[in-house]
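Okay, so here's the structure we're looking at.
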Amino acid sequence: MAVVIGFIPDEYGEAALAYGLGEAQRRHTGVVIVNSTKGDALVDRRYLGEDDKVTLEEQLAASGVEHELRQTTGKDIADEILAVAKEVIADVIVIGIRHRTPVGKVIMGSVAQRVIIDATCPVIAVKPG
Amino acid sequence: MDTLTLLLDGFASALTPQNLAFCAVGVLLGTFVGVLPGIGPAMAVALLLPLTFGLEPTQSFILFAGIYYGGMYGGSTTSILLNTPGESASVMTAIEGNKMAKKGRAAQALATAAIGSFIAGTIGTLLVAFFTPGLARVAVNIGAPSFFAIMLFSLVLVTAVLGSSKLRGFIGLAIGLTIGLVGLDLSTGQARLTGGVLQLADGIDIVVVAVGIFAIGEAMWIAAHLRRAPLDVIPVGRPFMSREDWSRSWRPWLRGTALGFPFGALPAGGAETPTFMSYVLERKLSRRSDEFGHGAIEGVAGPEAANNASAAGMFVPLLALGLPVTATAAVLLAAMRTYGIVPGPTLMADQPDLVWTLLASLLIGNTLLLAINLPLAPLWAKLLRIPRPQLYAGILFFASLGAYAVNQSAFDVALLLVFGAVGFAVRRFGIPLLPLILGVIIGPLMETKMREALDLSNGAISGLFNEPLAIFVYLLILLALVVPTVLSRVRGPVPHPVSNESEVS
């Protein structure tokens with residue numbers, strides 16, 4: 001039982017992380033941070049590097065919540081988040097969402113949308129700011 | 001002084017706005033393919049070759065030369081920022097360069113690599129301009145038996161001396177020579193290895209082979225290993241160097257150039273040996289040898305200069321003898337033949353405009369590389385974020401288009417897929433690409449010379465040995481085969497730089 005947070009190192013990920021940590025404290029449970037990459041480029045700045053991991057670890061330690069970081073590679077980020085959620089029997093999934101125009105959604109797709117539709121537990125969608 | 005006048009004439013024709021534009025496009029494209037590991041100048045030139053048929057030969061060679069130098073240059077960026085050498089010659093740069101970058105000195109590492117490349121490339125190109133005419137004059141008098149021996153020498157060196165496995169090298173060479181045999185026999189008109197297929201009677205177009213092996217083979221290889229954990233990229237600002245960096249760099253630059261050029265100019269090919277030697281030399285000479293292994297600037301400056309000097313040296317055998325020693329040179333030679341230019345000792349006399357404009361544009365391209373790329377380093381690093389599916393979809397598109405454009409025949413596209421499969425197989429089994437592609441190119445040339453020599457001697461095998469130069473070269477071949485084996489027996493295994501990339505320049 002845990003709060004699963006989809007995390008990428010930007011404002012959307014930070015928003016999800018902050019809300020997810022609060023949610024975990026409220027539910028008296030731990031968090032599982034999922035950071036995934038498609039692994040199809042040499043460099044993916046959404047995938048945590050060594051320095052990013054240190055920063056994240058400090059943030060998590062400061063919150064005092066029990067935590068775990070999962071870094072996975074797969075062709076669909078939504079599937080990666082859902083797979084972890086299923087494995088740890090998540091109470092709730094927290095994700096950051098961004099504004100996308102309809103055209104942008106057709107081209108880029110939406111990880112958030114697929115997580116919301118396919119999840120078997122409640123999903124909290126957070127906006128930054 | 002003659003050379004100088006000719007070179008200045010070359011500058012005059014290279015400095016037209018149109019040619020300058022081709023040069024700029026070439027260096028940008030070259031840096032692009034150099035930065036991305038797995039895609040090298042050889043692939044880029046092979047892909048562009050069919051698309052440049054509409055251009056003047058001079059203009060396409062300016063473009064190709066820019067790609068070649070740009071590729072050398074781009075490779076160092078990837079080595080330093082990612083510790084992933086874009087091509088085998090950048091392996092040594094990666095060792096110290098990446099350590100420097102991790103210590104927050106990425107900008108200085110990039111700067112010393114860039115300026116070192118510029119200096120080595122400029123000196124190297126000037127040496128090419130001054131040496132090649134003389135060598136070509138001598139080479140015109142070389143007889144067929146000696147020419148055959150020299151070609152054999154270069155194949156043996158590339159196959160047996162470079163690379164980690166002799167057996168794999170010779171397998172690659174055998175595949176290449178076999179591909180080169182397909183078609184009608186030159187003197188009897190007999191069909192060889194065509195399997196009764198009429199379209200094969202003219203031989204296999206080298207463009208189709210090169211594009212298949214380099215582009216399709218690489219694309220399939222990438223598709224088979226699509227998802228890999230992304231690497232940590234080191235952020236970089238504008239490259240600059242402090243006074244101390246300058247004073248520690250200039251000697252390695254010059255020593256690297258001196259080591260690299262002869263290796264490139266010998267028909268041995270490969271920048272691995274001089275870069276390795278330069279690294280070892282700098283470590284010995286440095287007053288701060290303890291810094292080596294932890295990011296010593298000399299360890300970037302020396303090998304990077306050696307790399308570019310040997311890249312320039314490659315033009316000596318290519319222009320004076322018509323003998324390619326690197327994969328890119330092989331594709332350039334194929335390009336010459338598609339334009340109806342006869343490569344060989346007579347090239348300097350037949351096509352002086354082409355040669356001197358090419359050399360002048362190499363010098364211009366080198367300067368452009370420094371001027372354009374030094375400030376753009378952070379931008380080039382962004383290229384590494386391109387997802388592989390999109391990138392290789394583009395490459396496959398150009399590859400198919402190019403293969404079809406050569407003769408406007410669908411048969412060539414089918415052949416392209418066959419060579420793509422061969423390209424995938426040789427990568428899978430770790431067979432080096434350089435002996436293979438050189439076999440395809442040099443094989444038929446060697447056959448011509450051998451037939452010439454044997455015709456003169458009425459088929460007697462002694463016709464291959466009746467020149468002192470030929471015998472001398474055969475002795476060198478023997479030495480090249482025997483000495484390394486004996487040395488490794490006596491001294492025990494020598495540590496050798498290993499590259500995990502299948503890319504060749």
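Table for the structure above
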item	result
Computed FRET value (nearest 0.05) for B:Leu479 with B:His225, which takes r as the C-beta separation and R₀ as 41 Å	0.55
Scattering profile of region B:1-46 at q = 0.20 Å⁻¹ [log10 I(q)/I(0), Debye over alpha-carbon scatterers]	-0.72
Phi-based couplings in Hz for region B:473-481 (Karplus 6.51, -1.76, 1.60; Gly and Pro marked x)	5, 4, 4, 4, 4, 4, 4, 4, 7
Square roots of five times the Cα gyration tensor eigenvalues for region B:1-159, Å	30, 22, 18
Over 23 Å between alpha carbons, listed pairs A:Lys53/B:Lys102; A:Lys53/B:Lys382; A:Lys75/B:Lys99; A:Lys38/A:Lys86	A:Lys75/B:Lys99
Computed E for A:Thr120/B:Leu167 - FRET, C-beta separation, R0 60 angstrom, nearest 0.05	0.60
Gyration tensor verdict on the protein assembly as shown (Cα atoms; rounded if a/c is under 1.5, prolate if a/b is larger than b/c, oblate otherwise)	prolate
Residue among A:Ser63, B:Thr78, B:Leu358 farthest towards the positive dipole end of the protein assembly as shown, charges placed on Cβ	A:Ser63
Magnitude of the charge dipole, chain B, Cβ model with Lys/Arg +1 and Asp/Glu -1, debye to 20	1680
Within chain A, helix-based [θ] at 222 nm, where runs of 4 or more DSSP H residues each add -39,500 (n - 2.57), nearest 500	-13500 deg cm²/dmol
Rg to Rh quotient for region B:289-406, alpha carbon positions, Kirkwood Rh	1.06
Dipole moment magnitude, nearest 20 debye, region A:2-126 about Cα centre, only Lys, Arg, Asp, Glu C-beta charged	520
Within a Gaussian network of chain A (alpha carbon springs, distance under 10 Å), most fluctuating of A:Arg46, A:Arg98, A:Arg26	A:Arg26
Rounded, prolate or oblate (a/c below 1.5 giving rounded, otherwise prolate when a/b exceeds b/c) for region A:32-93 by Cα gyration tensor	oblate
Near-label residues of region B:146-175 by backbone N, under 18 Å of a point 7 Å along Cα→Cβ of B:Arg489	B:161, B:166-167
Over chain A: Kirkwood hydrodynamic radius from C-alpha pairwise inverse distances, Å	14.7
Beta bridges by DSSP in the protein assembly as shown, antiparallel share as percent, to the nearest 5	10
Two-site label geometry, B:Val342 and B:Trp246: point separation in nm, points 7 Å out along Cα→Cβ	5.1
Residues with amide H under 5 Å from that of B:Leu323, placed H, sequence gap 5 or more	B:Leu318
Nearest-0.05 FRET efficiency for B:Leu8 and A:Met108, computed from C-beta distance (R0 51 Å)	0.40
Computed over region B:126-240, the ratio Rg/Rh where both radii use C-alpha atoms and Rh is Kirkwood	1.11
Relative pair counts by distance (%), Cα atoms of region B:65-163, 5 Å bins	2, 12, 15, 15, 14, 15, 11, 8, 5, 3, 1, 0
Mean separation of Cα contacts under 8 Å, 6 or more apart, over the residue count of chain B: relative contact order %	30
Listed residues A:Val126, A:Val43, A:Met1: farthest to the positive end of the dipole of chain A (Cβ charges)	A:Val126
Relative contact order [Cα under 8 Å, 6+ residues apart], chain A, whole percent	35
Rg/Rg_ref, chain B, where Rg_ref = 2.2 N^0.38 Å and atoms are Cα	0.94
Range of Cα positions in region B:238-362 per principal axis (Å), largest first	54, 28, 21
Two-site label geometry, A:Glu68 and B:Thr178: point separation in nm, points 7 Å out along Cα→Cβ	5.3
Region B:135-237: relative contact order as a whole-number percent, Cα under 8 Å and 6+ apart	13
Inter-site label distance for A:Arg26 and A:His99 at 7 Å from Cα along Cβ, in nm	2.5
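None of the figures in this text is laboratory data; all of them are computed from the coordinates on show. All figures in this text were calculated on a predicted structure; none of them were measured in a lab. Neighbour counts run over all protein chains shown; Cβ positions are idealised from the backbone, glycine included.
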